[in-house]
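Notes to accompany the following structure.
The values are calculated or read from the model by the stated rules, or taken from the named source; none is laboratory data. Computed from a predicted structure; not experimentally measured. Backbone-built Cβ (ideal geometry, glycine too); neighbour counts: all protein chains shown. Surface areas here come from the heavy atoms of the whole protein model, side chains and all, with no ligands, DNA or RNA. Shrake-Rupley method; radii C 1.70, N 1.55, O 1.52, S 1.80 Å.
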Amino acid sequence: MILSFNDVGYTYHTKDGETNAIEHMSFGIERGQFASLIGPSGCGKTTILSLTAGLLKPSSGEIRRENAEFGYMLQRDALFPWRTVEANIFLPLEVKNRNTPEMRENALRLAEKYGLKDFLKKKPNELSGGMRQRVALIRTLAAQPDILLLDEPFSALDYQTRLKVCDDVQAIIKSEKKTAILVTHDMSEAIALSDKVIVLSSRPATVVAEHIIDFGDNTPKSRRECPEFSQTFEVLRSELGL
Amino acid sequence: MKNANYSKEHLLYLRKNRRYKIIINVVRVGLLACILGIWELLAHYKVIDSFITSSPSRVVKTLQDLYANGTLFKHVGITLMETMVGFVIAVVLGYTIAVLLYMSDAAHKVFEPYIVVLNALPKIALGPLIIIWMGTGYPAIIFMTVIVAIIVCIMNTLTGFLSVDKTMLTLMQAMGAKKHVILFKLIIPASVPSLINTLKVAVGLAWIGSVMGEYVSSRAGLGYLIVYGGQVFKLDLVMTSTFILCILAGGMYGIIALIEKKLTK
């Protein structure tokens, strides 16, 4: 287990009172697994990611993680418009004080491998939405994280771009053999991308069910074409109470 | 590559664009020429009393006189120096204060009401105090310039800092960036457009500050010439000084516009 939640709870404190965001949450994720957390919107998915990354401390219970480095990918690409694509990719290296020639070379190798070679000197606003999201992924990978935390990274894209970027991101993460945790409220996205789907209840969030998904040949496209796809979709739907 | 492959429609579009630009410029210059022309004619035919309203030709004559007796550049130089020095101090100090307030949320909260009150206060009310504290020389006028411009510098800069994209902020925090790293890698570069806007506002305020300072107390400068000209009813001098101020203020604004072009390219 690269990451495990054991009976984790988290409570938000604000001026107006306290909110139980998460209660009795337990799940585990294996190294190399692509896991999705799905749940109704506002159920505290982002809180779970923040807990995972250690940005928040759990109010109760325990989170165990192997010595693992995290990389975040957010809803919007958040590329810095004043930096070139290349400089954007180097950003995590600068921030984490690992701006060594080897790390930069590695980042550039990734960028070239995944088709950004011709865009390195361009500014982000010269790129399409899908391309920008790819840059954001390479930026996340540049610091060589063990676990990628994906916070609805496709939700800002239009449907067609979304399908494409979805496949793209999954393929890159698989070929780099990274562990990934995706939070989403899109059931078909979760089924198409992940090895494991964890279904959450509405607030306070807790685990409703877990599914191992292994049909198709592990590409989102083949998954969507499998007859099991719509069955799993129906199961998730009833579990989410939709 | 350029021009060669453009379609006929595109060339037509470009020509239309260019023509529109030319028309705008011609009308701009024409409007000024019209105003000056009517002013001159009305004064010439004594429809208006040029002793009170002056006239373009008298402004030109006054300019020549000032140039001939060697005081033109003295007055222009002094006001320009006061404005520039005050402007630079206000911007640099204002930016620094804004950075400090950004770095400490508590400091921001503590100083906010003070800044709001100082912003609303008509700075000329401090005129007598400034004279008593700092005398009647340049330091007093530069001080006036700084206090007129600095509050807006602080407020605008801080607003620029605080309105940086929240997703980018989250990204930096998720990477484990410390606050000073966030400041240098994200906040400062992201707020360059707001800095330019601040400069544009500050340059105007610096002119207000320096001329106001010269009104309160001075022995030279364009503000001094305006006050003096008003007191002895030499309205040619008042108009001429105002005219020079227009050109200088426009010039300084132009320089900032050039900096903007360079920075945001």
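A few notes on this one:
- Positions within segment B:131-167 being more than 19 Å from B:GLY204 (Cβ to Cβ) and in contact with a Lys or Arg (Cβ under 9 Å, 6 or more places away or on another chain), in sequence order: B:THR136, B:GLY137, B:ASP165, B:THR167
Yes or no, residue by residue, for (1) under 20 Å from the mean Cα position of the chain (by Cα); (2) of a type in the set (Asp, Glu); (3) over 21 Å from B:THR157 (Cα atoms); (4) in a helix (DSSP H, G or I):
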{"position": "B:ILE182", "(1), (2), (3), (4)": "no, no, no, yes"}
{"position": "B:ILE187", "(1), (2), (3), (4)": "no, no, no, yes"}
{"position": "B:THR198", "(1), (2), (3), (4)": "yes, no, no, yes"}
{"position": "B:GLY209", "(1), (2), (3), (4)": "yes, no, no, yes"}
{"position": "B:SER218", "(1), (2), (3), (4)": "no, no, yes, no"}
{"position": "B:TYR228", "(1), (2), (3), (4)": "no, no, yes, yes"}
{"position": "B:LEU237", "(1), (2), (3), (4)": "no, no, yes, yes"}
{"position": "B:ILE244", "(1), (2), (3), (4)": "yes, no, yes, yes"}
{"position": "B:LEU248", "(1), (2), (3), (4)": "yes, no, yes, yes"}
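- Of everything in segment B:148-202 that is under 15 Å from B:PHE87 (Cα atoms) and within 14 Å of chain A (Cβ to nearest Cβ), the residue that is least open to solvent (accessible area, probe 1.4 Å) is B:ILE196.
- Test: residue in segment A:193-208 that is part of a strand (DSSP E or B) and in contact with a Lys or Arg (Cβ under 9 Å, 6 or more places away or on another chain): yes
- On inspection, A:PHE27 does not qualify as touching a Leu at 6+ places or on another chain (Cβ under 9 Å), open to solvent by 50 Å² or more (accessible area, probe 1.4 Å) and more than 14 Å from chain B (Cβ to nearest Cβ).
- Checklist (1) among the polar types (S, T, N, Q); (2) surrounded by fewer than 16 Cβ atoms within 10 Å (Cβ to Cβ); (3) part of a helix (DSSP H, G or I); (4) in the same structural domain as B:SER210 (by TED's automatic domain parsing) applied to B:THR136, failing item: (3)
- Looking only at segment A:64-92, and only at residues there that are at pLDDT 90 or above and among the hydrophobic types (A, V, I, L, M, F, W, C), the one that is farthest from the chain's Cα centre (by Cα): A:TRP82
- Here the helices (runs of 4 or more DSSP H) wholly within segment B:1-115 that include at least 1 residues being closer than 23 Å to B:LYS200 by Cα and in contact (Cβ under 8 Å) with a residue 24 or more places away in the chain are B:72-103.
- Any chance A:ALA180 is small (Gly, Ala, Ser), assigned to a strand (DSSP E or B), open to solvent by less than 10 Å² (accessible area, probe 1.4 Å) and touching a residue at least 24 places away in the same chain (Cβ under 8 Å): yes
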